[in-house]
Amino acid sequence: IESAVAADLSERAVGYSDFVSVQRDDSGAITALSADTAGMNLLRSELVEQVLEALDGVDVSVIEIPLGSLFDSEVVWARGPAIRARAMWVGTVSAEFESEFSSAGVNQTIHRIWLEVSVPVTLLLPGGKLEVPVDTRVSVAETVIVGQVPDTYLQLEP
């Protein structure tokens, strides 16, 4: 999933400005960020198509699951002998964009745009089948927004 999305994004050479336009006032200060929603939705549908094509050649995969992973305990998680299971993807691929802002300093904010892709997978275990989603999060674009340095700064820890 991740390699199909990364290959497509690399081929397109998309950047932050392909998704978001920055609006400024007369002094150059940032006043708003505007997303190109139509362009993002078009890209999302094309990326879903790429993932579907990549998964089209995959019928059934054999995976090994540590026995401890079947129990709800951190002590034995990912430990023990491996159980062989077959996995096959079923249904469709869904994808959604997510926007995230995080502080990068006194006057800096990082804006990241993520694409979250989910593929339903059926695990064929010796005792029956188990349906689980396989979720992948891929960073599509990122920028650092620099604001004005404040005259006074106070940060209180809770």
Run a plain Debye calculation on segment 11-88 (Cα atoms as equal point scatterers, no solvent) and give log10 I(q)/I(0) at q = 0.17, 0.18, 0.27 Å⁻¹, rounded to two decimals, same order as the q list. -0.81, -0.84, -1.18
Compute the long axis of helix 37-56 from its Cα atoms, compare it with the longest principal axis of the Cα atoms of the chain, and write down the angle in degrees, 0 to 90, nearest 10. 20 degrees
Segment 54-121, relative contact order [Cα under 8 Å, separation at least 6], %: 27 percent
Given a 1.4 Å probe, the accessible area of the chain per residue, as a whole number of Å², is 67 Å²
If one puts a single equal scatterer on every Cα of segment 106-158 and applies the Debye formula without solvent, what log₁₀ I(q)/I(0) results at q = 0.18, 0.21, 0.25 Å⁻¹? -0.78, -0.87, -0.96
Which value results for Rg/Rh of segment 59-102 when Rg is the Cα radius of gyration and Rh the Kirkwood radius based on the inverse mean 1/r? 1.20
Largest first and rounded to whole Å, the semi-axes √(5λ) derived from the alpha carbon gyration tensor of the chain read 41, 24, 10
Within segment 54-158, what whole-number % of the accessible surface is contributed by carbon and sulfur, with the 1.4 Å probe and all protein chains included in the calculation? 54 percent
Rounded to the nearest 500, what is the 222 nm mean residue ellipticity of the chain from helices alone, with -39500 (n - 2.57) per DSSP H run of 4+ residues and division by all residues? -6500 deg cm²/dmol
Given Cα pairs under 8 Å that are at least 6 residues apart, what percent is the relative contact order of segment 1-87? 22 percent
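The values are calculated or read from the model by the stated rules, or taken from the named source; none is laboratory data. If you're wondering where the values come from, they're calculated on a predicted model, not measured in any experiment. Side chains included, ligands, DNA and RNA excluded: accessible areas come from the protein's heavy atoms. Shrake-Rupley method; radii C 1.70, N 1.55, O 1.52, S 1.80 Å.
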